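Have a look at the structure below, then the notes.
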Amino acid sequence: LANYQQSVAAGAKATTDAMAATVSRCPDVSFTLTGFSQGAAVAGDVATQIGQGGGPVAAKRLLGVGLVSDPNRNPSTEKLIGPAVEGGGLAGARAKDFGAVGDRVVTFCVAGDLICAMPNVAGDPARLALALAQLGTYLTSQVHSSYGSYKVDSGNTATSWLANWLNEKIAAAPKG
C-alpha cells in the first residue's frame, strides 16, 4: 500500500508541476483532467487540491474532471454516470471533497469493479462472505477493463460519454 500511495503522490506532483509549467507559459489556459484506476486517483487528488484552493491553477481554469474506476470514489461527493453501484473506492474516500470544482467532476464505475465499488463490510460479518464471493468473481472477470464497452446510457459507453462531455466543456471554455 505504501508503494501505491507513493506512486499516486508522485503522479499528482508530476501533474501539478506540468500544469504550473503550462500556466507560466500560457496564463489563460484551461485544463481538463481524466484518469483510469490509479490515474483516476491522481486526477481526483489534483482536482481536490484545485477545488480546495491549493492547486497549480485557479478553480475556474479546471473545466471538467472524469474519473474512471476511481479507487477513492466517494458515492456522496461524486456524480456517478450510469447505473448506481454499491460501495466506494477500494483505497477509501479522499480526506477532503472537491470543493469549488465539485460540480465539474463525474465518475464511472461498473457494478462488480471492486476498485471503485468495494462493498462496505465493516461491522457486518454477514456481509464478509458476500465480499469474498465478489472478490472471487472479480479476480476472474474482465470488469475492470470493460469501460470501453460499458453502456452508461442508451447510446454511449463510459469512454464515449466522457469524451463527448469533455469536448463540450472545451468548446464552451473562455477564449484568451
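Using per-residue counts of other Cβ atoms within 10 Å, averaged over each peptide, order 7-16, 85-94 from highest down.
85-94, 7-16
At a 1.4 Å probe radius, carbon and sulfur cover how many percent of the accessible area of the range 1-117?
That fraction is 55 percent.
Using a probe radius of 1.4 Å on heavy atoms only, what accessible surface per residue do you get for the range 51-176? Whole Å² is fine.
Values: 6420 Å² over 126 residues.
It amounts to 51 Å² per residue over the range 51-176.
Which aspartates and glutamates, on any chain, are close to Lys151 with Cα under 17 Å apart, when same-chain ones fewer than 8 places away are left out?
Asp113
In percent, what relative contact order does the range 17-132 have, based on Cα pairs under 8 Å that are 6 or more apart in sequence? List each step's numbers first, then the result.
On the way: 223 pairs, mean separation 29.4, N = 116.
Reported as a whole number, the value is 25 percent.
Using a 1.4 angstrom probe on the protein heavy atoms only, could you order Val29, Val110 from most to least accessible area?
Numbers: Val29 40, Val110 15 Å².
If we order Val29, Val110 from most to least accessible, we get Val29, Val110.
If the cut-off is 19 Å between C-alpha atoms, which aspartates and glutamates fall inside it for Lys175, apart from same-chain ones fewer than 8 positions away?
Here the aspartates and glutamates satisfying the reach criterion relative to Lys175 are Asp28.
Taking 0.36 nm per residue of sequence separation and subtracting the Cα-Cα distance, how much length would be gained by fully extending the chain between Lys79 and Gln6, in nm to one decimal?
23.6 nm
How far is it, in nm, from the label point at Thr140 to the one at Ala95 when both lie 7 Å from their Cα along the line to the Cβ?
Taking the two extended label points, one gets 4.1 nm.
Please arrange Thr22, Thr107, Thr159 by accessible surface area, largest first, computed with a 1.4 Å probe and ligands excluded.
So, going from the largest accessible area down, we get Thr159, Thr22, Thr107.
What value, in deg cm²/dmol to 500, does the helix sum -39500 (n - 2.57) over DSSP H runs of n ≥ 4 give at 222 nm once divided by the residues of the chain?
-13000 deg cm²/dmol, from helical runs alone.
How much length is gained if the chain between Ala173 and Ala18 is pulled fully straight, taking 0.36 nm per residue apart and subtracting their Cα-Cα distance, in nm to one decimal? Intermediate results must be reported in sequence, preceding the final value.
Details: separation 155, 0.36 × 155 = 55.80 nm, distance 2.02 nm.
Roughly 53.8 nm would be gained on extension.
Mind checking which lysines have their C-alpha under 18 Å from Lys169, skipping anything on the same chain fewer than 8 residues away?
Result set, ordered by chain and number: Lys60, Lys79.
The values are calculated or read from the model by the stated rules, or taken from the named source; none is laboratory data. On a predicted model such as this, the values are computed, not experimentally measured, just so you know. Cβ coordinates were reconstructed from backbone atoms using ideal geometry, including for glycine residues, and neighbour counts include every protein chain displayed. Accessible surface areas use protein heavy atoms only, side chains included; no ligands, DNA or RNA. Shrake-Rupley method; radii C 1.70, N 1.55, O 1.52, S 1.80 Å.
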